[in-house]
Amino acid sequence: LDVSLPFTHVVLSHVYLWQKLHDQAIAAARRAVELDPNNADSIANLGDILSWSGKPEDSIRLVKKAIRLNPLYPPLYDYYIGCAYRLTGRFEEAIASQHRMIQRQPNFLPSYAELAAAYSELGRFQEAREAGGLAMKLSPQATVDSLRRSLPYRDQATLERTLEALRKAGLN
């Protein structure tokens, strides 16, 4: 790996994140931004890592900056900011962001799960079940238990809140 390339650190940040090594993930994502401070993808990635690590407000700020730097941004930015909005209780913004993501990437399973959770947390259970049903259609093997093992939230309470919202949306 060429440690002088930002993308090397972006990839490394994801490896650390999915190993639930949040401090290392943040450090790697920050290093990518240090190497190329105007790289919108690196900035958005840092925002995503911070959201999973319990800093969704910082995530929103960074993803918005990435969007300013790249107005023709990839759809994944909408997923990132939508997740952060949900975690901060800004459910309508979360829903709008995930719908933008799905409009551009119709088979992106995580956005359907995020929609299900956001609708559930708003008490809009019919819409939550519809989004949850689409998520299960895309990945029938996914269960709340499998998500418990895999989702890389740093904060256990955030994980439990998300899983409870998904259960209320009809996921098993």
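Checked against the criterion of being under 21 Å from Ala157 (Cβ atoms) and either in contact (Cβ under 8 Å) with a residue 60 or more places away in the chain or part of a helix (DSSP H, G or I) (or both), the candidates Asp58, Asp41 yield just one match: Asp58. Give the residues of the range 98-126 that are open to solvent by less than 20 Å² (accessible area, probe 1.4 Å) and within 11 Å of the chain's Cα centre (by Cα), sorted by residue number. Correct list: Gln98, Ser111, Glu114.
Do we have Glu57 as of a type outside the set (Phe, Trp, Tyr) and farther than 25 Å from Gly132 by Cα here? Taking the combined requirement at face value, the residue satisfies it.
The set of residues in the range 1-10 being open to solvent by 70 Å² or more (accessible area, probe 1.4 Å) and in a helix (DSSP H, G or I) consists of Phe7 alone.
If you filter the range 27-38 down to residues that are assigned to a helix (DSSP H, G or I) and not charged (D, E, K, R), you find that the one that is surrounded by the fewest Cβ atoms within 10 Å (Cβ to Cβ) is Ala27. Does at least one position in the range 129-151 carry a residue that is surrounded by 15 or more Cβ atoms within 10 Å (Cβ to Cβ), touching a Phe, Trp or Tyr at 6+ places or on another chain (Cβ under 7 Å), at pLDDT 95 or above and charged (D, E, K, R)? The answer is no, given that none of the residues of the range 129-151 is surrounded by 15 or more Cβ atoms within 10 Å (Cβ to Cβ), touching a Phe, Trp or Tyr at 6+ places or on another chain (Cβ under 7 Å), at pLDDT 95 or above and charged (D, E, K, R).
Checked against (1) at positive phi; (2) exposed (fewer than 13 other Cβ atoms within 10 Å of the Cβ); (3) in contact (Cβ under 8 Å) with a residue 12 or more places away in the chain; (4) not charged (D, E, K, R), Gly170 meets all criteria but (2).
Within the range 90-103, is even one residue in a loop (DSSP other than H, G, I, E, B) and within 26 Å of Ala25 (Cα to Cα)? Before the answer, list the steps.
Within the range 90-103, the first condition is being in a loop (DSSP other than H, G, I, E, B), and the residues that meet it are 90.
Then drop every residue that is not within 26 Å of Ala25 (Cα to Cα), which leaves 90.
There is at least one residue in the range 90-103 that is in a loop (DSSP other than H, G, I, E, B) and within 26 Å of Ala25 (Cα to Cα).
Taking the conditions (1) touching a helix residue (DSSP H, G or I) at 6+ places or on another chain (Cβ under 7 Å); (2) touching a residue at least 24 places away in the same chain (Cβ under 8 Å) in turn, Gly133 satisfies each one other than (1). If the condition is being part of a helix (DSSP H, G or I) and either in contact with a strand residue (DSSP E or B) (Cβ under 7 Å, 6 or more places away or on another chain) or open to solvent by 60 Å² or more (accessible area, probe 1.4 Å) (or both), then the range 13-26 contributes Val15, Tyr16, Trp18, Asp23, Gln24.
With (1) without any contact (Cβ under 8 Å) to a residue 40 or more places away in the chain; (2) over 14 Å from the mean Cα position of the chain (by Cα) as the list, and Lys20 as the residue in question, which single condition is left unmet? Going through the list (1) without any contact (Cβ under 8 Å) to a residue 40 or more places away in the chain; (2) over 14 Å from the mean Cα position of the chain (by Cα), Lys20 breaks only (1).
The values are calculated or read from the model by the stated rules, or taken from the named source; none is laboratory data. It should be emphasised that the depicted structure is a prediction, and the values quoted were computed from it without experimental measurement. Positions of Cβ are backbone-derived with ideal geometry, glycine not excepted, and every protein chain shown enters the neighbour counts. To get the accessible areas, we keep the full protein, side chains included, count just its heavy atoms, and leave off ligands, DNA and RNA. Shrake-Rupley method; radii C 1.70, N 1.55, O 1.52, S 1.80 Å.
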